[in-house]
Amino acid sequence: MTSTVALLSVALAGPVNRVDLLSAGPQPWLLDEAPLAAARPGTAALRLAEQVSVGWTLPLEGLAVGTSWRVQEVRYSRDLGDLPVAWVVGLPTRLLLPVGVRAGLRLRLGDTHLELGAMADGGGSWVAPLPGPLRVTPTLGLGWWTDRRDKGPADR
Amino acid sequence: MAASLHLDEAAIEVDVFLTNDRVPVLIDGPRLDPLTCRTVDGAELEDDVWLLQNDLVDLDDGYRCGVEADPAWPDARVGSAPVHTLDGLTEQLLADPPAAVLLDLRWTPNVSHAPEVFAAEVLERWWRDDPPTTLRVVADRPQMVQAIEDRAAAAGRDVVTLLRWPTEPPLGSAAGARLATMLAADAGAADPWHAVSIARADGLLADARVLRRSDVVSRPAGAELGLQGGSSEHPAAAWLDSTDWVLDATGGVQ
């Protein structure tokens, strides 16, 4: 219920501005699930869908929220000068419980974007909130912008 | 019996259920499986045959069970033998024990004896013969695991208990339950090791179709992990460490 209210608030605060087919978040699909796709294709397909993230702008410049079945993330980004590149930091949560931090660089390529970075993930969930062993993984994000009127910063 | 249970394997897994007169038999649920069991006359089962409504003698007199036809096992036949008992298994194990035996207690709410009765009948019979092999016990539900732990503690024995993940539904769709558990766990609303902790189990028997890498990473120190439904060639087996094991589709443990 709390997460529903939070997501509704976010949705009302700003429009959807991006969709990530591959999310640069914890438990990266490419690293964890893709290698098993041949052995368990149904699970791999479901988990691919679970990590598809919808990005929402917030009133504060540079601040945005990404929401997927798996992760809800607050992120902040700033452009690097006039380059089509921005640095990004994010606080991924699971049902709004913070589970780690991530940082990366995002490259805008027309309507699409590519994000490379690293994620420190301690795990945890509301049913078992204490973090486990820290796991550092590379991240790769890939998606497209849905709002072409948004000319910059690269992601709000 | 030795051949049908693959006792030549290094380790084996067998399903156990209780008859009405509390005899542990090697059946994988509360009913005889109509695909593998027949009446003594060779007829297909027309109605459900509940173990809780039948004594062992009723099963012996009325039914024969086997396995579905499998090209890998030319001798496999439906309805070929009387229902095997746990006593019969332990007798076999005394003569030729594998390194480890996994007893899968198929206790099911509402159609089983109480977990405490289930635990007592299985463990006391096992300890009576006490075959020289490592015993692990797996169960779907916390109350069954707790009953095993309590019985073992009362007897001053140590039994390794494992909780199956995801829990299989008593009589409904296993695929549906697996999907629901996976969605809940992936969203952060369920956690296998939390379930193990609640059940007071020693470890987890995880379905290879569902196990996440993060579940392996977040394993508590000393907890045992088995992978079910795969093989040592399954890519998820690469996440396991040397003390873990894989339960393959034939009931062998690798």
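The values are calculated or read from the model by the stated rules, or taken from the named source; none is laboratory data. This one's a predicted model, so the numbers in the text were calculated from it and none came from an experiment. Reconstructed Cβ throughout: ideal geometry from the backbone, glycine too, with neighbour counts over all protein chains shown.
At-a-glance table
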read-out: Number of the condition not met by B:Ala238 [criteria: (1) at pLDDT below 90; (2) assigned to a loop (DSSP other than H, G, I, E, B); (3) of a type outside the set (S, T, N, Q)]; value: (2)
read-out: Residue, farthest from the chain's Cα centre (by Cα), within the range A:29-86, restricted to residues that are basic (Lys, Arg) and away from chain B (no Cβ under 11 Å); value: A:Arg78
read-out: Close pairs (9 angstrom Cβ cut-off, 6 or more residues apart or separate chains): over 19 Å from A:Val101 (Cα atoms) in the range A:50-73, acidic (Asp, Glu) anywhere; value: A:Glu50/B:Asp186; A:Thr57/A:Asp147; A:Thr57/A:Asp150; A:Thr57/A:Asp155
read-out: Residue pairs meeting the criteria (Cβ under 7 Å; at least 6 apart or on separate chains; first within 14 Å of B:Gln228 (Cβ to Cβ) and surrounded by fewer than 16 Cβ atoms within 10 Å (Cβ to Cβ), in the range B:160-189; second modelled with pLDDT under 90 and not basic (Lys, Arg)); value: B:Ala174/B:Glu168
read-out: Selected residue [within 21 Å of B:Asp202 (Cβ to Cβ) and modelled with pLDDT under 95] from B:Asp150, B:Asp130; value: B:Asp130
read-out: Residues located in the range B:185-202, provided they are part of a helix (DSSP H, G or I) and either facing another protein chain (nearest Cβ under 9 Å) or not aliphatic (A, V, I, L, M) (or both); value: B:Ala185, B:Asp186, B:Ala187, B:Pro192, B:Trp193, B:His194, B:Ala195, B:Ser197
read-out: Selection from the range A:31-59 of residues that are within 30 Å of A:Arg78 (Cβ to Cβ) and loosely packed, with under 15 Cβ neighbours inside 10 Å; value: A:Leu31, A:Pro59
read-out: Whichever residue in the range B:206-231 is in a helix (DSSP H, G or I) and of a type in the set (Val, Ile, Thr) and, among such residues, is surrounded by the fewest Cβ atoms within 10 Å (Cβ to Cβ); value: B:Val217
read-out: Neighbours by Cβ (under 6 Å, 6+ apart or cross-chain): first from the range B:39-51, under 18 Å from B:Gly29 (Cα atoms); second of a type in the set (Ser, Thr, Tyr) and loosely packed, with under 12 Cβ neighbours inside 10 Å; value: none
read-out: Selected residue (criterion: modelled with the lowest pLDDT) from residues of the range A:115-152 that are more than 16 Å from A:Leu105 (Cβ to Cβ), away from chain B (no Cβ under 13 Å) and assigned to a strand (DSSP E or B); value: A:Trp145
read-out: Failed criterion for B:Asn110 (all others in (1) in a helix (DSSP H, G or I); (2) farther than 22 Å from B:Glu149 by Cβ hold); value: (1)
